[in-house]
1. Counting other C-beta atoms within 10 Å, which of Lys212, Lys2 has the fewest, and how do the rest follow?
2. Work out how far the C-alpha atoms of region 45-181 reach from end to end along every principal axis, then list the three figures in whole Å, largest first.
3. If I histogram all Cα-Cα distances within region 85-148 using bins 10 Å wide from 0, what percent of pairs lands in each bin?
4. Using only helices, what value at 222 nm comes out for the chain when you add -39,500 (n - 2.57) per DSSP H run of length 4 or more and divide by the total residues, to the nearest 500 deg cm²/dmol?
5. Just tell me which lysines come within less than 23 Å, Cα to Cα, of Lys212; anything on the same chain fewer than 8 places away is out.
6. If you find the alpha carbon centre of region 44-101 and of region 131-197, how far apart are they in angstrom?
7. Size of the dipole of the chain about the Cα centre, Lys and Arg at +1 and Asp and Glu at -1 on the beta carbon, nothing else charged, in debye to 20?
8. Expressed in nm to one decimal, what extension gain is obtained for the pair Lys2 and Tyr238 from 0.36 nm per residue of sequence separation less their Cα-Cα distance?
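Derivation of every value follows stated rules applied to the coordinates shown; laboratory data play no part. Since the model is a prediction, treat every value here as computed from it, not as a measurement. Quick reminder, even Gly has a Cβ in these numbers, built from the backbone with ideal geometry, and neighbours come from all protein chains shown.
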Amino acid sequence: MKIFILIGKYFIFIRKVFSRPSSFSVFYKSFIDEVFSLGVSSIGFVAFISLFVGAVVTLQIAYNLENPLLPSYLIGLATRDSIILEFSPTMVSLILAGKMGSNIASTIGTMRVTEQIDALEMMGINSASYLVLPKIFALVFFNPILITFSMFLAIIGGWFFGEFTGLCSTTEFLDGVQYFFIPFNVIYAYIKTIFFALIIATLPAFYGYFTKGGALEVGQASTKGVVNSSILIIIFNYLITQLLLN
């Protein structure tokens, strides 16, 4: 029964968040700030992970395709599809849920326990919309850019380490990357990314917004936000895959 109460409370919160901003100039400024604080600050982190995971994916595929009957270009093809379909949109989003989600939950939770949110409400400001809506728009706008960047760097990392280790030549790898490319796979990845961005922006914000207590409870809210966001991402990953690729 408690879970249904929590779900209902979440959707009431979302309804409150998606109300018209009282000032579009303030909203735009907050949106730009969130793009930089949540999105741009994650570029280096995403780049490092993508390069090395792309390399690991290529090496694992190469070692599992050590068969003279299988052409070497399959390494590039399998690496491309693994990165576009699953690694970049899903795995990177799970990692970003930890980084961005903890930031969102702890920031809003701290504002709640220090009564800054109460002060906003006293001034007649819709605090949920004021605090959360710019974060949602920032992540929905910038996360697809991060995922595109991740796809590109992961494939570059796979190519470089495949060539460096001698497991797959540049020509063979690039042939595989280009072979039987399905553009819809990229669209599918972006659809997943947008759904995941909404989860990362709203669920940690929900737990942070309704924090009660002090610093300990802020930490607990942050943990709940990250864990439950990750669970929802995995569930939605299955549902979206079933709907779009089945």
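1. Lys2, Lys212
2. So the extents along the principal axes, rounded to whole Å, are 72, 24, 19.
3. All Cα pairs, binned at 10 Å, distribute as 20, 41, 24, 13, 2 percent.
4. -27000 deg cm²/dmol
5. Lys212 reaches Lys2, Lys9, Lys16, Lys99, Lys135, Lys224.
6. Spelled out, the Cα-based centre of one part sits 9 Å from the other.
7. Roughly 960 debye, rounded to the nearest 20.
8. Full-extension gain reported as 82.5 nm.
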